[in-house]
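Quick notes on the structure that follows.
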Amino acid sequence: MAGNLHNHWMRKALTEARKGWGRTSPNPLVGAVVVKNNRIVGRGHHRWPGDHHAEPQALNDAGEQAQGASLYVNLEPCCTFGRRPPCTTAIAESGIEHLVVGITDPNPRHSGRGIQWLREHGISVTTGVEQQKCRVLNEAFLCWITKGRPFVLLKMAMTLDGKIATADGQSKWITGDKSRRKVQRLRQWSDAVMVGAETVRLDDPSLTVRSPKKWPRQPAKLVWTRSGDIPSDSRIFASPENLPRFVSTDNNTEWRELLQNLGNQQITALLIEGGGKLAAAAFNAGIVDKTAFFMAPKILGGEHTRPAVAGADPASLAEAYKLERMDAQRSGEDLLITGYPSAYVHRTH
C-alpha cells in the first residue's frame, strides 16, 4: 500500500513540475509536494533559471506543517551551491522526516550525494518512484547533462500512407487543430527548431511559439541548407532578435560536431520538423533520440508525392530504422505515435 501511495504523491509532484514546461532550460523540470496526514500541505515547482528550486518553495508553502512530513520530488535535491543554496540544507532544517525521490541526479559528479547527505542527517529516503515518468519528463536535460549535446526529437505530420506534401510541396494542413496545438507545445519545450531549406521556401514557417501569445522564450531557428538560398522576405527573418542560423552537415562527424556546439550553447532540446530529406539525413547520421509522428486519417497516394523520410532507397527491410518503447494516442482526429530509435543502419547507396 505504501508503494501505491508513493506513486500517487509522486505523480502530484510531476504535475507541479510540468507547470514550468518550456521555461526552465537549461535547468530541469522539478516539482515537489509536502505530504502530511495523507494530504498535500505544500507545493512548489522550479519556474525559470535562477529562481528558487521546487523543494524550498514547497517547504515554505508548508511552513510549520513540514515538521514530521514527507517530501516528494521528481529529481534528487541538489547538494551544492549554485545560484541558490543547496536544497538538502533546506530539507534538513525544515523538519521533514521522509524524502521520496523519482530519479537521482544524472550528473556523475553529484549523483547520489544529496541522498547520502540527507540519510547521514537522519532523514529516511526512498528512491526510484515513478522512475520512467520522471525520466521522460526530463529526457532532454538528462541527455544534455550526461552527453553534452541536445536531445533530438524528430516531429513529422503525415497522411496514413506516410506523405507529408503533394508533389509540388503543398502541405497545409495535413493534421488537425489539436495536433498543431501539440506542436506548439513541443516548440515551447525546445531550445532550437530545425527545418530544411525547402521547407522554408515552400511552407514559409515562422518557427516560433505562436500559442500562447507573447511566449517569453522563443527557440533558436536552424535552417539545414548548403546554398543558403532563402528568400529574404521569409517569415523566419521577421524577428531581428532571433534570426535564423544556417547549418550544413554532410556526414556523421559534422552532425555530431554540430550537436556538440549546440550543447555548448546550453541548447538541451532540438526539435527537427522536416522535411523528408532532413529527416532521412538525421536518421542516417544516427542522431534522432525520439520520434513523434502525427498521422492524419487521410491517404494521399501518388508516385511523386513527398514521403516523411526520403533519402537513399534501402536495399532491404534489414535497413529499416527500428523503434522501441512505442506509444500511440489520439490527437483529435489524428493519431500521435512516439518511439525511440533502437538501432541504426548507415545507408551508403
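Rule-based calculations on the coordinates, nothing more; no lab input. Nothing here was measured: the structure is a model prediction, and the numbers come from that model. Virtual Cβ from ideal backbone geometry, glycine too; neighbours counted across all protein chains shown.
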Restricting to Cα pairs under 8 Å and 6 or more apart, the percent relative contact order of the chain works out to 15
Only Cα pairs under 8 Å and at least 6 apart count here; give the relative contact order of segment 1-133 as a rounded whole percent.
-> 20
What ratio of Cα Rg to 2.2 N^0.38 Å holds for segment 1-77?
-> 1.04
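Give the longest segment of the chain that steers clear of GluC sites (Glu not before Pro) in DSSP loops with at most 13 neighbouring Cβ atoms within 10 Å, not counting the sites themselves.
Numbers: sites that count: Glu303, Glu333.
It runs 1-302.
Among the chymotrypsin sites (Phe, Trp or Tyr not before Pro) within segment 1-80, which fall in a DSSP loop and have no more than 16 other Cβ atoms within 10 Å of their own Cβ? Working shown, then result.
On the way: sites: Trp9, Trp21, Tyr72; in loops: Trp21.
Sparse-neighbourhood loop chymotrypsin sites (Phe, Trp or Tyr not before Pro): Trp21.
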Share of pairwise Cα separations in segment 267-349, more than 20 Å, in percent | 40
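Which trypsin sites (Lys or Arg not before Pro) from segment 13-97 combine a DSSP loop assignment with at most 10 other Cβ atoms within 10 Å? List each step's numbers first, then the result.
Details: sites: Arg18, Lys19, Arg23, Lys36, Arg39, Arg43, Arg47, Arg83; in loops: Lys19, Arg23, Arg47, Arg83.
Answer by residue number: Arg83.
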So how tilted is helix 2-18 from the main axis of the chain? Cα-based, degrees 0 to 90, rounded to 10.
-> 60
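Normalised by the residues of segment 48-118, what does the relative contact order come to in percent, with Cα pairs under 8 Å and at least six apart? Show your work: numbers first, answer last.
Details: 92 pairs, mean separation 26.0, N = 71.
It rounds to 37 percent for segment 48-118.
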In order over segment 57-63: 3J(HN,Hα) from phi, Karplus 6.51/-1.76/1.60, θ = phi - 60°, whole Hz, x for each Gly or Pro, gives 5, 5, 5, 5, 5, 6, x
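Can you pick out the pairs among Lys12/Lys290; Lys12/Lys133; Lys133/Lys290 whose Cα atoms lie more than 19 Å from each other? List each step's numbers first, then the result.
Numbers: Lys12/Lys290 26 Å; Lys12/Lys133 12 Å; Lys133/Lys290 15 Å.
Where the Cα-Cα span goes over 19 Å, the pairs concerned are Lys12/Lys290.
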Which value, in Å³ per residue, describes the convex hull spanned by the Cα atoms of segment 221-301?
-> 148
Binning at 10 Å from 0, report for the chain what percent of all alpha-carbon pair distances ends up in each bin.
-> 5, 23, 29, 22, 14, 6, 1
³J(HN,Hα) across segment 195-202 via Karplus (A = 6.51, B = -1.76, C = 1.60, θ = phi - 60°), whole Hz, x for Gly/Pro?
-> 9, x, 4, 5, 4, 5, 5, 8
Bins of 5 Å from zero: percent of alpha-carbon pairs in segment 78-178 | 2, 10, 14, 15, 13, 10, 7, 6, 6, 7, 6, 3, 1, 0
Enter the angle in degrees (range 0 to 90, nearest 10) between the Cα long axis of helix 276-285 and the first principal axis of the Cα atoms of the chain, meaning the one along which they spread out most.
-> 60
With each pseudo-label sitting 7 Å past Cα toward Cβ, what's the His110-Asp168 distance in nm, one decimal?
-> 5.5
Scan segment 235-319 for trypsin sites (Lys or Arg not before Pro) in coil per DSSP, keeping those whose Cβ has at most 16 other Cβ atoms within 10 Å, and list them by number.
-> Lys298
Rg ratio (alpha-carbon, reference 2.2 N^0.38 Å) - segment 1-152 | 0.95
